[in-house]
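A.B. asks: Input: one structure, supplied below.
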Amino acid sequence: ILIGDNSLVAPGADVFILARGEGMDTIRDFQLEQDRIQLVDGILFESLSLGQSGQHTTISVDGEQVFKLNNVAVADITRDLFIEANPPI
């Protein structure tokens, strides 16, 4: 779990927690094939703002940049990468 402004490299399949008000975290080795992002605090995929900054994807909630995924193209980000606490039916 990342809380605050962190930079992380972690081998293997990981679940990163995305929450409001915890600062901006940089994930340096996000693997599209195996890693996931858990949305908490009522955050839904539809409420995310995705952007491209050079070779990196940025993820913002309510105008606050919360994640930077190094070397991940925003075009590769899909709903399937996210785990919602209460997914829409």
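A.B. asks: Out of all the residues in segment 35-50, is one or more farther than 15 Å from residue 18 by Cβ and assigned to a loop (DSSP other than H, G, I, E, B)? Show your work before the answer.
C.D. replies: From segment 35-50, those farther than 15 Å from residue 18 by Cβ are none; that's our starting set.
Among the residues of segment 35-50, not one is farther than 15 Å from residue 18 by Cβ and assigned to a loop (DSSP other than H, G, I, E, B), which makes the answer no.
A.B. asks: Right, residue 17: part of a strand (DSSP E or B) and at pLDDT below 90 or not?
C.D. replies: Details: part of a strand (DSSP E or B): yes; at pLDDT below 90: yes.
Against the criterion (part of a strand (DSSP E or B) and at pLDDT below 90), residue 17 qualifies.
A.B. asks: Residues being over 10 Å from the mean Cα position of the chain (by Cα) and either over 13 Å from residue 16 (Cβ atoms) or of a type in the set (A, V, I, L, M) (or both): count how many of those fall in segment 66-89.
C.D. replies: At the first step, the residues of segment 66-89 found to be over 10 Å from the mean Cα position of the chain (by Cα) are 70-76, 78-80, 83-89.
If we keep only those that are either over 13 Å from residue 16 (Cβ atoms) or of a type in the set (A, V, I, L, M) (or both) too, we end up with 71-76, 78-80, 83-89.
Within segment 66-89, residues that are over 10 Å from the mean Cα position of the chain (by Cα) and either over 13 Å from residue 16 (Cβ atoms) or of a type in the set (A, V, I, L, M) (or both) number 16.
The values are calculated or read from the model by the stated rules, or taken from the named source; none is laboratory data. Just so it is clear, the structure is predicted and the values come from calculations on it, not from any experiment. In this analysis, Cβ positions are derived from the backbone assuming ideal geometry, glycine residues included, and neighbour counts consider all displayed protein chains.
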